[in-house]
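Novice: Dumping the structure here so I can ask a few things about it.
The values are calculated or read from the model by the stated rules, or taken from the named source; none is laboratory data. Computed from a predicted structure; not experimentally measured. The accessibility values were calculated without ligands, DNA or RNA, using every heavy atom of the protein model including side chains. Shrake-Rupley method; radii C 1.70, N 1.55, O 1.52, S 1.80 Å.
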Amino acid sequence: MNQENTLRARDDFDDLRAERDGPTHYRNEPNRHAGLWKQIAIGIVVGYSMLGIISAVVWMLVAQVALSSLSISLP
């Protein structure tokens, strides 16, 4: 066998089937986006909570720096 026949034997595409031969939509296919609203809601709640915690920590640091420079003297 020469090299051309060997390559032809390896590159035989007769057994392949096109995608259009298969069904494109199944009747009993569940909704792929059924729980998406729950994930979005959890993301909003967790994100808002984390922003609140981070802002509280930043405000505490700002207040600590502002109050550390003040000196209160009683008469």
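Novice: Roughly how many percent of the accessible protein surface of the range 31-74 is carbon and sulfur, given a 1.4 Å probe and a whole-percent answer? Walk me through the intermediate numbers first.
Specialist: Values: 3180 of 4240 Å².
Carbon and sulfur together cover 75 percent of it.
Novice: Then there's this: May I ask you to evaluate 6.51 cos²θ - 1.76 cosθ + 1.60, the Karplus curve with θ = phi - 60°, for each residue of the range 42-52 and list the ³J(HN,Hα) values in order in whole Hz, giving x for glycine and proline?
Specialist: Per residue, the Karplus-derived 3J(HN,Hα) values read 5, x, 5, 5, 5, x, 5, 5, 5, 4, x Hz.
Novice: Separate question: Per residue, how much accessible area does the range 31-74 have with a 1.4 Å probe, in Å²? All intermediate terms of the calculation are to be shown ahead of the outcome.
Specialist: Values: 4240 Å² over 44 residues.
Here the residues of the range 31-74 average 96 Å² of exposed surface.
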